[in-house]
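Everything on this sheet refers to the single structure shown next.
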Amino acid sequence: MQKENEQYEDYLEGIRKQIEPFTVEQLEAAIVAHWKANNERVDDELKIYLADRKWKINDTFVWTPENIEKLLHLNRKLINCFEKFKNETTPVIKKLQKHKDENDDFYFYTEACITPDIYMRDENGNLYAPENGLEMILTESINNDCELNVRIRSEDGLNSMIYLNKEMNRNKDWLLKGEFDGHFISQAIHDLNCHTFWSFPDILKINHLEMKWQVVQYHNEDV
């Protein structure tokens with residue numbers, strides 16, 4: 001098994017070296033071709049292509065005033081989603097916490113998940129989800145590997161929401177290149193930037209956020 005793992009890692013390293021001279025355009029063509037040939041699955045080889053594309057694009061990306069405002073706008077929208085979650089779940093949590101205080105075997109958590117999308121626009125101006133191409137692959141990769149997800153357990157309380165924690169200001173992330181001093185950049189932007197295969201131009205194209213939240217209640221019973 002160890003030998004097979006080593007051979008597989010050598011195979012992946014060979015791919016990394018092979019695509020080093022690729023341009024962004026060549027990488028994007030390889031991404032789409034591999035996606036189609038691999039039954040539209042995000043596998044390790046595709047992740048290497050996506051990662052190399054991301055870093056090559058970000059390496060030359062310039063924070064213009066327009067780009068700065070776009071990111072700040074997205075940041076505000078993400079914060080707004082989690083503030084809605086907090087406001088809507090506060091009375092639910094208080095009610096469930098009272099129930100938990102009266103039942104030692106009762107537990108609960110509330111959970112919110114935000115899915116970002118890059119929708120296309122048809123000739124009539126209507127938005128629609130891409131059915132193929134790079135935009136769909138990017139969406140699939142982020143939804144498979146990095147959901148903007150927060151879970152509040154019964155013992156945590158609402159103060160555990162990292163996406164609304166002003167003490168966790170991500171404006172010093174090095175890829176932001178010092179352009180956001182004086183601004184609050186949320187953990188959600190950091191997660192999109194550092195924990196996905198999306199480049200900054202991809203992130204700035206996000207034009208739809210879907211938030212789902214749920215309450216999970218359960219009991220434990222010793223046997």
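Laid out as a table, the results:
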{"item": "Filter result (without any contact (Cβ under 8 Å) to a residue 12 or more places away in the chain and either surrounded by 14 or more Cβ atoms within 10 Å (Cβ to Cβ) or not in a loop (DSSP other than H, G, I, E, B) (or both)) within the range 56-79", "result": "ASP59, PRO65, GLU66, GLU69, HIS73, ARG76"}
{"item": "When residues of the range 190-223 are limited to those that are assigned to a helix (DSSP H, G or I) and touching a Lys or Arg at 6+ places or on another chain (Cβ under 6 Å), the one nearest to LYS100 (Cα to Cα)", "result": "HIS190"}
{"item": "Residue match in the range 32-43 (condition: at pLDDT 95 or above, surrounded by 11 or more Cβ atoms within 10 Å (Cβ to Cβ) and on the phi < 0 side of the Ramachandran plot)", "result": "no"}
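The values are calculated or read from the model by the stated rules, or taken from the named source; none is laboratory data. Only a predicted model underlies this, so the values are computations on that prediction, with no experimental measurement involved. Reconstructed Cβ throughout: ideal geometry from the backbone, glycine too, with neighbour counts over all protein chains shown.
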